[in-house]
Amino acid sequence: MILSITLILLLVLLLSLILFFMFAILLPAMKMQSFFVDNPIFSEIELKYVIPIVDPHVDMTKHAVVLCSAEKKFRDERLNYNQGQSCKTINQIYESVNDCRFSCIGLGDCAKICPQEAIIIKNNTAVVTELCCGCGKCIEVCPKQLIKLLPLDVRKYVLCNNCEDSLTSCSDYKKEQNIEIQAKKSFKIWKTCYKMINRR
């Protein structure tokens with residue numbers, strides 16, 4: 001008999017605690033919380049990489065391409081300089097870091113200004129990844145004017161901005177190459193998840 005009363009009292013106490021938690025803590029917290037109704041699975045930071053946050057006037061049918069091949073090689077070694085400097089500074093002081101004055105300096109001024117973080121540095125050359133939304137902010141900041149917006153369906157292009165017939169030891173001088181838009185590894189899984197969720 002005492003055991004039954006104890007169990008009933010414990011059950012009543014447990015139910016009281018659950019109700020108190022729901023009405024005193026959970027419901028007020030839910031009212032104060034703002035939710036992403038369209039994409040509840042992703043946080044605001046993750047959404048930045050999955051869904052481009054761009055100006056509505058941006059042409060999403062284009063993407064940026066750096067007119068300097070990341071696969072290029074030179075006969076001589078690159079100029080040694082402080083990695084903390086910017087492309088603009090190096091361009092003003094030395095004009096170039098190798099024997100082609102049109103090549104990418106590779107210090108990432110374009111990567112720093114990109115709102116989508118869609119530019120990586122590969123082999124001391126800026127490379128645009130698939131996160132590019134075509135906003136064109138990188139074009140304005142490049143001191144060499146190496147970045148161009150191309151239609152998404154362009155698959156081959158001369159990835160060289162050298163407009164002079166100057167001598168250079170660049171292995172990819174004025175060669176037409178396939179444009180490979182690289183996937184940025186860090187957020188590739190979230191993009192895949194987003195595609196799976198929105199498959200209707």
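The values are calculated or read from the model by the stated rules, or taken from the named source; none is laboratory data. What you see is a predicted model; the values in this text were computed from it and never measured. Here the Cβ positions follow ideal geometry from the backbone for every residue, glycine too, while neighbour counts run over all protein chains shown. Quick note on the areas: whole protein, heavy atoms, side chains included, nothing else; ligands and nucleic acids left out. Shrake-Rupley method; radii C 1.70, N 1.55, O 1.52, S 1.80 Å.
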Only residues that are modelled with pLDDT under 65 and either assigned to a helix (DSSP H, G or I) or open to solvent by 100 Å² or more (accessible area, probe 1.4 Å) (or both): list them for the stretch 5-37, please. 30, 31, 32, 33, 35, 37
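Residues are listed down the side, and each one gets a yes or a no for (1) at positive phi; (2) in contact with a His (Cβ under 8 Å, 6 or more places away or on another chain):
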position: 111; (1), (2): no, no
position: 118; (1), (2): no, no
position: 124; (1), (2): yes, no
position: 128; (1), (2): no, yes
position: 142; (1), (2): no, no
Within 17 Å of residue 72 (Cβ to Cβ) and open to solvent by 30 Å² or more (accessible area, probe 1.4 Å): does that describe residue 153? no
Reported set for the stretch 108-155 where residues are over 24 Å from residue 96 (Cβ atoms), polar (S, T, N, Q) and not in a loop (DSSP other than H, G, I, E, B) is 129
Being without any contact (Cβ under 8 Å) to a residue 60 or more places away in the chain, open to solvent by 50 Å² or more (accessible area, probe 1.4 Å), under 19 Å from residue 173 (Cβ atoms) and of a type outside the set (A, V, I, L, M) narrows it down to one of 77, 140, so name that one. 77
Of all residues in the stretch 120-130 being open to solvent by 10 Å² or more (accessible area, probe 1.4 Å), in contact (Cβ under 8 Å) with a residue 40 or more places away in the chain and in contact with a strand residue (DSSP E or B) (Cβ under 9 Å, 6 or more places away or on another chain), the one that is farthest from residue 67 (Cα to Cα): 130
